[in-house]
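Laboratory data are not the source of any read-out in this text; all were calculated from the coordinates shown. As the structure is a computational prediction, the values presented were derived from the model and not from experiment. Neighbour counts run over all protein chains shown; Cβ positions are idealised from the backbone, glycine included.
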Amino acid sequence: MKVDKSIRDWLLDVQKAKRITLEGNILKLLEADEDDEAFSKYIKDALEKDKEARRRRLDVTKQVQEQNKNLLASQEENERMNEELKAALNIAEEEKIKAEAAKAEAVIAKDAALNDLDIAQKRSQFELIGTIVRVALYVIIGVGFTTTAMYIVAIVTKSDTQIIGSTWSNMFGILLTNAFSIVGTIMGVKYASEKKE
Amino acid sequence: MIDSILLVDDESLFHLVFEDACSLLDISLTLEAINSSDHAVKLFEGWQKDSDGRPECVFVDLNIIGSSYDGIELIRKITFEYGNNVVIGIISSSNEPEEQARAQKAGAQFWIIKSDDIEPRLEDFKKDFDGYKSKSLPFKIYK
């Protein structure tokens, strides 16, 4: 496309005075006369300038595009890590709840074990007391039988029964009193043992 | 040189890259870039009645975010519904053979892989353009 002389002159004047040239694809349509070196140079320079500007803009745009891509990748990576962290936190929370439940169960088991131990200790104590009381009762009954037997032998052999009679009487009184006391103790121990179980 | 190109891509930055690359490579004098397939459909509906301003070649992104149709569906609509006989293809960063087969079935004539260094691919495309225009070239992928 050829332009008329007035436009050509104006374009050259603007370039000379203000260093402004045409830009864009319109330059690709412009043609200069074969002998018009000045306008040919104008078109060539303007095209070079336009290409240089576009090349710079293309480089900058590509850089921005690359940065955007990296930012997006970082954002996706951050989101992925956040998701992983959330998942890890949820797992930790669940583990914490499980650990607390296990701790509560362990505390209950410990209390039960201590209780069982306490009962076992008390039972063995009561059993010991029971054994002592039983042995004491046998001793008392044995002494009672022995004294009574000696008194009967004294009566049958018509020996002097004054001393053995009063002894037997005192002994029997004491034994009866103690026997009731011991029976009472046995009953108490038995009652206490049954209640604990 | 291609008379006019229409680019349908949701990435505004790529509009600038594509425009500058096309200008530097003397691919086209006129380039219109739009960011939705709905807009493209409206334009082609208008060009069905009046072909004035209709582009000679259309580059469509595969995934156009915020649009009713993806790139392949848009190509299918342009090829089979609006029948404007334009040279049309996909420009995308994707290199999925299944998608490429779908695009070809929908009427795409080429598939250009979008990357940082797009200029060599556009240069190759420029050389092949007449073949696409005359429908003598088969579907081609520019990697």
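Things to note:
- Qualifying GluC sites (Glu not before Pro) in the range A:1-59, where qualification requires a DSSP coil assignment and no more than 12 other C-beta atoms within 10 Å, comprise A:34.
- Amide H to amide H, with H built 1.01 Å from N, residue B:112 comes under 5 Å of B:90, B:91, B:92, B:142, counting only residues 5 or more places away or on other chains.
- Of the GluC sites (Glu not before Pro) found in the range B:23-97, no site is in coil according to DSSP while having at most 11 other Cβ atoms within 10 Å of its Cβ.
- Note that the range B:23-34 has calculated 3J(HN,Hα) couplings of 5, 5, 8, 6, 7, 8, 8, 10, 9, 10, 10, 10 Hz, one per residue in order, obtained from phi through the Karplus relation 6.51 cos²θ - 1.76 cosθ + 1.60 (θ = phi - 60°); glycine and proline are x.
- Net charge over other residues, Cβ less than 14 angstrom from the Cβ of residue A:60 (K, R count +1; D, E count -1): -1
- Overall form of chain B per C-alpha gyration tensor (a/c, 1.5; a/b vs b/c): rounded
- The protein assembly as shown: translational diffusion in µm²/s, Stokes-Einstein, Kirkwood Rh over Cα pairs, 10 °C, 1.306 mPa s: 53
- Dipole moment magnitude, nearest 20 debye, the protein assembly as shown about Cα centre, only Lys, Arg, Asp, Glu C-beta charged: 2380
- Span-rule helices in chain A, defined as complete DSSP H runs reaching 27 Å or more along the axis (Cα) with Kyte mean at least 0.0: A:162-196
- Taking the Cα centre of chain B as reference, the dipole from Cβ charges on Lys and Arg (+1) and Asp and Glu (-1) amounts to some 620 debye.
- When the convex hull of its Cα atoms is projected in every direction, mean area for the range B:65-143 (nm²): 5.5
- Between the range A:161-182 and the range B:69-141, the Cα center-to-center distance that results, in Å: 128
- If R0 is taken as 51 Å, the Cβ-Cβ distance between residue A:136 and residue A:84 corresponds to a FRET efficiency of 0.10.
- For the range A:116-153, the residues whose amide N sits under 16 Å from a probe point set 7 Å from the Cα of residue A:169 along the beta carbon direction are A:148, A:151-152.
- Cα-based reach from residue A:51 at 23 Å (exclusive), listing lysines while leaving out same-chain residues under 8 positions away: A:2, A:16, A:18, A:28, A:41, A:62, B:114, B:126, B:127
- Note on the range A:111-185: Kirkwood radius taken over Cα pairs, Stokes-Einstein applied at 10 °C and 1.306 mPa s, translational D equal to 107 µm² s⁻¹.
- Isotropic mean projected area of the C-alpha convex hull, chain A (nm²): 24.8
- Close amide H contacts of residue B:36 (hydrogens built in the peptide plane, cut-off under 5 Å, sequence separation of 5 or more or a different chain): B:9.
- The distance linking the range A:75-111 with the range A:123-141 is 57 Å (Cα centroid to Cα centroid, whole angstrom).
- Considering the range A:5-73 at the alpha-carbon level, its Rg and Dmax are found to be 17.0, 57 Å.
- Cut-off 12 Å between beta-carbons: net charge of the residues surrounding residue B:37, Lys and Arg +1, Asp and Glu -1: -3
- A helix-only calculation puts chain A at -32500 deg cm²/dmol for mean residue ellipticity at 222 nm, using -39500 (n - 2.57) for each DSSP H run of at least four residues, averaged over all residues.
- Lys/Arg +1, Asp/Glu -1 at C-beta; the protein assembly as shown dipole; positive extreme among A:130, B:112, A:38: A:130
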